[in-house]
1. So ASN77 fits all but one of (1) modelled with pLDDT of 95 or more; (2) surrounded by 14 or more Cβ atoms within 10 Å (Cβ to Cβ); (3) within 15 Å of VAL7 (Cβ to Cβ); what number is the exception?
2. For the range 1-11, enumerate the residues that are in contact (Cβ under 8 Å) with a residue 60 or more places away in the chain and part of a helix (DSSP H, G or I).
3. Can you pull out the residues in the range 58-68 that are touching a helix residue (DSSP H, G or I) at 6+ places or on another chain (Cβ under 8 Å) and either at pLDDT 95 or above or over 15 Å from LEU13 (Cβ atoms) (or both)?
4. If we scan the range 43-57, do we find a residue that is at pLDDT below 95 and hydrophobic (A, V, I, L, M, F, W, C)?
Amino acid sequence: MELWFTVTRVATLVNLVVLGGLSYVWLRNYLRLRATFALGLLVFGGLLLVQNGFATYIYLVDPSTSRWYAGIPERYNIAIMVLTVLQTSALAALVRITLE
C-alpha cells in the first residue's frame, strides 16, 4: 500500500517541477506576445501549481494528513495515484506541444 502513496508523492513533485517550467515559458510568451491564449495558459499553470503545492504539503509536510493518507484503504490510494499520474501524463503532453 505504501508503494501507491509513494508514487503519488513522486508524481506530485514531478508535476510541480513541470508546471514551474511550463509557467515560466508561458509567462515569457505572454510578456512578449500579449496574447490572451498565453495568459490563459499561465493562469491554468498557476492554478495547477497551487493545487499541486497544496497536495505536496498534505502528502509530505503535514504529519497528521500524510499519516492519514498513508493509512487509508489501498483502493483509495490507487485511485489518488491514478489521478495524479494522469495529470502528470497530461502535463507531459503540454510540454511536448509547448516545446514544438
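The values are calculated or read from the model by the stated rules, or taken from the named source; none is laboratory data. Worth saying up front: this structure is predicted, and the values here are computed from it rather than measured. Positions of Cβ are generated from backbone atoms using ideal geometry, with glycine treated the same way; all protein chains shown enter the neighbour counts.
1. Here ASN77 meets the rest and fails (1).
2. GLU2, TRP4, PHE5, VAL7, THR8, ALA11
3. So in the range 58-68, the residues touching a helix residue (DSSP H, G or I) at 6+ places or on another chain (Cβ under 8 Å) come out as 58-60, 65-66.
Across the range 58-68, the qualifying residue is only THR65.
4. no
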